[in-house]
Amino acid sequence: MSHEALAEAVLSRLNLNEVNLAAATGDGRWLRGSASFVDEDPASAKPLARIGRGTAHDYEAVVAAAEHAFKRWREIPAPQRGLFVRDVCEELRRQKDDLGTLVSLDVGKIKAEGDGEIQEMIDIADFAVGLSRQLYGLTLASERPQHRLMEQWHPLGPVGVVTAFNFPAAVWAWNAFIAAVCGDAVIWKPSPKAALTAIALQHIVDRIAARHNAEGVFTLFISDEAAAGARLAADPRVPLVSFTGSSSAGRQVSQTVAGRFGRCLLECSGNNAVIVDETADLDLALPAIVFGAVGTAGQRCTTTRRLIVHESRFEVLAERLAGAYKQIRIGDPLDPATLVGPLIDQRAVEAFNTAVAETRALGGQVLTGGMRIPHAGHFVAPTLMRADNAWPSVQRETFAPILYLMRYRDFDEALALNNAVRQGLSSSLFTLDMRHAERFLSAVGSDCGIANVNVGTSGAEIGGAFGGEKETGGGREAGSDAWKNYMRRQTNTVNWGTGLPLAQGIRFGLH
Ligand code: UN1
């Protein structure tokens, strides 16, 4: 079946007969925008859908709806808010296959990963439902007699969620489902390259919202203009902006949000390394490296971009990797035999070409790949290159399947290389040496937000907090106590006695 026909069939099963839409106020109402733009099928470079471009007027309608919904929603008990997310989760379970296909069509990731992305939504929804009965504060020991000192967590307000094309569904869900049980409303600004997925998901949540008095809790604003994200960042009605994207865009968002004393949750670029030491089990390391480097065609924030190998294993690993890369099927992301689909667009192919050419010019040797694949869509060959960590192309994040190989002598050197980049998202060590493992995870080891042992850099579960340090931006999303980002903390002191003792023992006598 052609992608066009498949998209039509999926959209009709999802009851979507109109997708040329620009914004949703979360109560079933859609706004059409002023003009439209093309959401492209990256596997064919043909239009997949025409999508509306939201206007300033549409944006105002969306923010007003979210503000209005927030005022109602924050008063609903959290476990009841969880029931809304539970019903959304049930619907996602029912529609998983079609939604997985839609993600695959929209952004070109293979069907198994499209399905995995919907599963990631289901997982975070389950987590959020449980969390809705576990939001808690602390009671602390007061230094004053007959006083209670405690902290509470209150809903924060409408939360802006700006998502990237590469996880067009799951990253919204990480933010939206947790924010919703916390009592917030959500304004979603998806990547225009993945707008079709956003429209489908909004339709699903709209239908369920109506049954839960949750209209306006999830709203959507679509635009292919850069000004749309900037508008959200500058809007004082939005106390938190959760942003996923490049470090350069994240820097702008964070400066704008900081300028109005708003809060930011940043998930920006990664430049993730795997270290393979002299004791590593290569049978374990090999598939982890391949999945990490070529999964999602190298377009995950967590993609393995650098491979730091002990000199005693370098040649053998490089050879085995080159052999494995030769077996990788590249092609139609909907074909079950395919492991690597296309890049998102022509610009991504150009960035791939530039990185390969630049690395080559500096003396980097291509072990395999290195070229674009002549095909209608945006396909490139997964690439292995010997390179030096200090080279500019190695230092930046190119969203493409290029893995830079480098060798090291002693473990300190490997740790130093791991950390010698501006980004700090994910990292991984393959070892059977417990001293290396513990050192890697210690305060003097990896400086990343995620550090794994005998597990690759990508494919994190939702249960942990996800995010990274340095130019990755410092945010933490998904599991653990990331929910605290979406609430405001209030410290309360209650005096239930008859005197008024002051803290720090201060005497302030009025007599
Ligand atoms: C991203 O690339 O923005 O850990 C998110 C992973 C996925 C999420 C990636 N669970 O690779």
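The values are calculated or read from the model by the stated rules, or taken from the named source; none is laboratory data. Computed from a predicted model, the values in this text were never measured in an experiment. Note that each Cβ is placed from the backbone with ideal geometry, even for glycine, and that neighbours are counted across all protein chains shown. Protein only, heavy atoms only, side chains kept; ligands, DNA and RNA dropped before computing areas. Shrake-Rupley method; radii C 1.70, N 1.55, O 1.52, S 1.80 Å.
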antiparallel share of DSSP beta bridges within the chain, to nearest 5, in %, is 45
How large is ³J(HN,Hα) for each residue in the range 349-362, as worked out from phi by the Karplus curve 6.51 cos²θ - 1.76 cosθ + 1.60 (θ = phi - 60°), to whole Hz, x for Gly and Pro? 5, 5, 5, 4, 4, 4, 5, 5, 5, 5, 5, 4, 4, 7
Ranked order, LYS189, LYS484, LYS71 - accessible area, probe 1.4 Å, largest first: LYS71, LYS484, LYS189
Enumerate the calculated ³J(HN,Hα) couplings along the range 147-154 in order (Karplus 6.51 cos²θ - 1.76 cosθ + 1.60, θ = phi - 60°), each rounded to whole Hz, writing x wherever the residue is Gly or Pro. 10, 10, 10, 8, 10, 10, 10, 10
Rough spin-label spacing in nm, given labels placed 7 Å along Cα→Cβ, for PHE508 and ALA443: 3.8
Would you mind checking the range 133-169 for residues with the amide N under 11 Å from a putative spin-label position 7 Å along Cα→C-beta of ASP481? 136-138
For CYS264, CYS182, write out the residues from largest to smallest accessible area, computed with a 1.4 angstrom probe and no ligands counted. CYS264, CYS182
Protection-proxy order for peptides 122-132, 193-203, each taking the mean of Cβ atoms within 10 Å per residue, highest first: 193-203, 122-132
Under the rule a/c < 1.5 gives rounded, and otherwise a/b versus b/c splits prolate from oblate, where does the chain land using the Cα gyration tensor? oblate
Quick tally, 1.4 Å probe accessible area for LEU266, LEU367, LEU510, sorted with the most first, runs LEU510, LEU367, LEU266
Label-point separation (nm) for GLU75 and ALA56, each offset 7 Å from Cα along Cα-to-Cβ? 3.4
With a 21 Å threshold on alpha-carbon distance, the violating pairs from LYS46/LYS109; LYS96/LYS484; LYS71/LYS484 are LYS96/LYS484
Which parts of the range 108-149 would a label at THR493 reach, counting a residue when its backbone N lies under 14 Å from a point 7 Å out along Cα-to-Cβ? 140-149
Sort the following peptides by mean Cβ neighbour count (other Cβ atoms within 10 Å, averaged over residues), highest first: 448-454, 174-180, 291-297, 277-283. 174-180, 291-297, 448-454, 277-283
In terms of modelled amide H atoms, which long-range or inter-chain residues lie less than 5 Å from the amide H of ALA22? LEU31, ARG32, GLY33, GLY52
Additional length obtainable on full extension of the chain from GLU151 to LEU432, 0.36 nm per residue less Cα span: 96.8 nm
Percent of Cα-Cα pairs per 5 Å bin, from 0 to the last occupied bin, for the range 32-118, please list those. 3, 12, 12, 12, 14, 19, 18, 8, 2, 0
Spelling it out for PHE430: with amide H atoms placed in the peptide plane at 1.01 Å from N, the residues 5 or more places away or on another chain with amide H under 5 Å from its amide H are ILE275, VAL276, ASP277, ASN454
Helix-only [θ] at 222 nm, the chain, -39500 (n - 2.57) per DSSP H run of 4+, per residue, nearest 500, equals -12500 deg cm²/dmol
Residues whose built amide H sits under 5 Å from the amide H of SER242, excluding neighbours closer than 5 in sequence, are GLY160, VAL161, VAL162, LEU265
Spin-label pair ASN454/ALA234, simplified geometry with 7 Å Cα→Cβ offset, distance in nm: 5.3
